[in-house]
Amino acid sequence: MNVNFQKRKRRHKELNQGEIDSQVHHEKVRRIILEGTALIVAEGRSCGFLCQVENDGELHIPIEDGRLADLCDMAKQIPVVEDSQQKPAQVIGGDDECPMEQLDLFTRVTENQLHHAREVLLMGERYLLPPRCSFLLSDITRMQPLLQYGKKFEAIVLDPPWENKSVKRSNRYSFLPSSRLKQLPVPLLSAPGCVVATWVTNRQKHLRFVREELYPHWGVEVLAEWLWVKVTRSGEFVFPLDSPHKKPYEMLVLGRFRGNTVQKCSSLEASEPILPDHRLIVSVPSVLHSHKPSIAEVLKEYLAPDPACLELFARNLQPGWTSWGNEVIKFQHLSYFHVESASCLSPPCARPALAHSL
């Protein structure tokens, strides 16, 4: 039997509107990325942060699992305690220190008031808490303890688990529909003029949502759009800059909390440091999946001295910061650390981030 195979003609795939929008945005920022990254990489090499390497080598990374998220789901069955006598936070290292065996990591904020790291136990697992940090391990439906904590923050950084097709297909990571983000009590946690910074994927749909829906809903004025550029340890882009699939950069949308008042406080605004419209943050990405660089030092110059700072959807803790998430201490697990000296413990994080305003 003779079978005739007819060669199919490959049709030129037409771009959908989202892809067109992404292409337009890429052309808009391409020159900024090329010129700015070249300057920062040159500085990074001169400082020794970046260097030519033949083989990056392999680091042993513990197997990621969803135990913390699963525990948070289980904790949702615990009745909410409406007891005015219960303190909103439990303290480690203070005069009223809570015994380790009595720590409740799901319904109260935990504070490490010490100026050094402290180890805690959860379900037989050991975690390291950085100095002067506080955190709440909870689901998005159980954020009341963070509100009862009573703090207003001068900076709030969010790294939402954005919904996308690949995440849905893999079924490895949880995601949150954009509409659910509006439920976050950002206005109740923000001090006047609070800097709100949200990490956004390269999908223009998400960027428009943050700028046109989410921030206005929270009463946040959009002021800037920064770029995080990912490079290798030798200073090359982790992906080709013009790759049609994955780009070597992500976006950070910044604004200031103004509330829902029609009249803005001009005196407060006049004293606020101006957020530059565009700024590049260049770093070697962490080996940990979707782990963003710390921008604490970068934000510092735009905040008042000794600011109260909060990270939402965090998976690790920072010294001096408050953090929230259903896996908030995931990367504080002892297996992610190695001992460098008698008093220095370091996680396998990225090289220091370098920033440059344009």
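For the pair Ser46 and Glu212 in one chain, pulling the backbone fully straight at 0.36 nm per residue adds 55.7 nm over the alpha carbon distance.
Hey, what's the per residue convex hull volume over the C-alpha atoms of region 175-240, in cubic angstrom?
On the way: hull volume 8.8 nm³, N = 66.
Hull volume over Cα atoms, normalised by residue count, gives 134 Å³.
Say each of His338 and Val238 gets a label point 7 Å from the Cα, pointing the same way as Cα to Cβ; how far apart are those two points in nm? Output for this residue pair reads 2.0 nm. Checked against a 25 Å cut-off, the cross-linked pairs Lys28/Lys182; Lys151/Lys230; Lys152/Lys300; Lys205/Lys246 give Cα-Cα distances beyond that limit for Lys28/Lys182; Lys151/Lys230.
Taking θ as phi - 60° and the Karplus parameters 6.51, -1.76 and 1.60, the scalar couplings of region 187-203 work out to x, 6, 9, 9, 7, x, x, 3, 7, 10, 10, 10, 6, 10, 6, 7, 6 Hz in sequence order, x denoting glycine and proline.
Per residue, the Cα convex hull of region 182-316 amounts to 130 Å³.
Let me know the charge dipole size of region 197-305 about its Cα centre in debye, to the nearest 20, where only the beta-carbon of Lys, Arg (+1) and Asp, Glu (-1) is charged.
On the way: 14 positive and 12 negative charges, 67 e Å.
So the magnitude is around 320 debye.
Which cross-chain or sequence-distant (5 or more) residues have an amide H under 5 Å from the amide H of Ser323, H modelled 1.01 Å from N in plane? Amide H to amide H, under 5 Å and 5 or more residues apart or across chains, Ser323 pairs with Ser134, Phe135, Leu136, Glu311.
How large, in percent, is the carbon and sulfur part of the accessible surface of region 183-323 at a probe radius of 1.4 Å?
Numbers: 3270 of 6110 Å².
Of the solvent-accessible surface of region 183-323, carbon and sulfur hold 54 percent.
The values are calculated or read from the model by the stated rules, or taken from the named source; none is laboratory data. Computed from a prediction, not measured in an experiment: that's the story for all the values here. Note: ideal-geometry Cβ built from the backbone for every residue, glycine included; neighbour counts use all protein chains shown. These area figures cover heavy atoms from the full protein model, side chains too; ligands, DNA and RNA do not enter into them. Shrake-Rupley method; radii C 1.70, N 1.55, O 1.52, S 1.80 Å.
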